[in-house]
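The values are calculated or read from the model by the stated rules, or taken from the named source; none is laboratory data. Note that the coordinates shown come from a computational prediction; the quantities given were computed from them, not determined experimentally. Quick reminder, even Gly has a Cβ in these numbers, built from the backbone with ideal geometry, and neighbours come from all protein chains shown.
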Amino acid sequence: MTQTVAGRPESSRETEGPAARRVQEDPRWKPVAATLRRQGHRPDALIEGMHAAQQAFGWLDPAVLRALAEALDVPLAKVFGVATFYHLFTTRPLGTHGCIVCLGTACHLKGGPEILAALTRAHPVEPGQTSPGAEMTLTVARCIGACTLAPLVVLDGEIAGPVTVEEVLERVERWFGPASGETTR
Ligand code: FES
């Protein structure tokens with residue numbers, strides 16, 4: 001059976017293999033293994049294990065998901081299902097930088113959609129995706145709990161708000177170099 005980054009396993013029990021073993025021999029697996037050990041390798045430690053794996057590897061590639069399935073004796077289909085259900089997990093490589101645009105109610109009313117539209121016009125990236133050169137992963141959030149700062153964005157883990165379209169474009173432009181696409185207003 002084969003498995004692609006975006007694909008699904010044909011069988012829910014196909015968890016073993018060289019790919020999973022390679023991951024388990026990778027030094028980055030150590031903190032993940034420690035997390036799973038603390039949880040007694042119980043199947044319900046899956047989400048915690050995924051957090052640890054994403055932190056260690058940056059994203060959850062199919063080999064990492066196989067390794068988790070094997071370590072917890074959970075069907076691979078279930079592991080893929082959980083990884084793709086929760087927005088906080090990513091099954092694609094992330095960009096060097098991260099930009100989250102909040103589109104919760106307060107941010108929406110104060111210009112979040114305009115910020116998002118300006119970013120996607122200026123740079124080759126869509127919400128939920130990483131730019132082709134891996135400069136940035138663009139994500140949309142539904143309120144991150146700092147509404148008094150609306151509209152806000154999170155740039156490389158730091159909240160910035162209230163921000164204007166121009167301020168966000170200026171910050172992000174440093175990651176890409178000057179935008180080659182259409183710039184805003
Ligand atoms: S709506 Fe954006 S932080 Fe709450």
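Quick notes on this one:
- Residue count for the stretch 131-156, restricted to those that are modelled with pLDDT under 95 and part of a loop (DSSP other than H, G, I, E, B): 11
- Filter pass, Val168 being assigned to a helix (DSSP H, G or I) and within 16 Å of the ligand (Cβ to nearest atom): yes
- Within the stretch 99-130, the set of residues being in a strand (DSSP E or B) and either within 12 Å of the ligand (Cβ to nearest atom) or of a type in the set (A, V, I, L, M, F, W, C) (or both) comprises Cys99, Ile100, Val101, Cys102.
- Boolean, Thr130 is surrounded by fewer than 18 Cβ atoms within 10 Å (Cβ to Cβ) and among the β-branched types (Val, Ile, Thr): no
- Test: residue in the stretch 99-115 that is surrounded by 20 or more Cβ atoms within 10 Å (Cβ to Cβ), at pLDDT below 95, closer than 28 Å to Leu169 by Cα and under 13 Å from the mean Cα position of the chain (by Cα): yes
- Of all residue pairs spaced 6 or more apart or on separate chains, those with beta-carbon atoms under 6 Å, a first member in the stretch 157-175 that is at pLDDT 95 or above and a second member that is of a type in the set (Val, Ile, Thr) and part of a loop (DSSP other than H, G, I, E, B) are Val165/Thr184.
- Only a single criterion out of (1) within 30 Å of Asp61 (Cβ to Cβ); (2) in contact with a strand residue (DSSP E or B) (Cβ under 6 Å, 6 or more places away or on another chain) is not satisfied by Leu152, namely (1).
- Gly128 under 21 Å from Trp59 (Cβ atoms) and either of a type in the set (Asp, Glu) or at pLDDT below 85 (or both): yes
- Residue ID - modelled with the highest pLDDT, chosen from residues in the stretch 9-27 that are assigned to a loop (DSSP other than H, G, I, E, B) and surrounded by 14 or more Cβ atoms within 10 Å (Cβ to Cβ): Asp26
- Qualifying residue in the stretch 64-84 (condition: within 16 Å of the ligand (Cβ to nearest atom), surrounded by 19 or more Cβ atoms within 10 Å (Cβ to Cβ), of a type in the set (A, V, I, L, M, F, W, C) and within 15 Å of the chain's Cα centre (by Cα)): no
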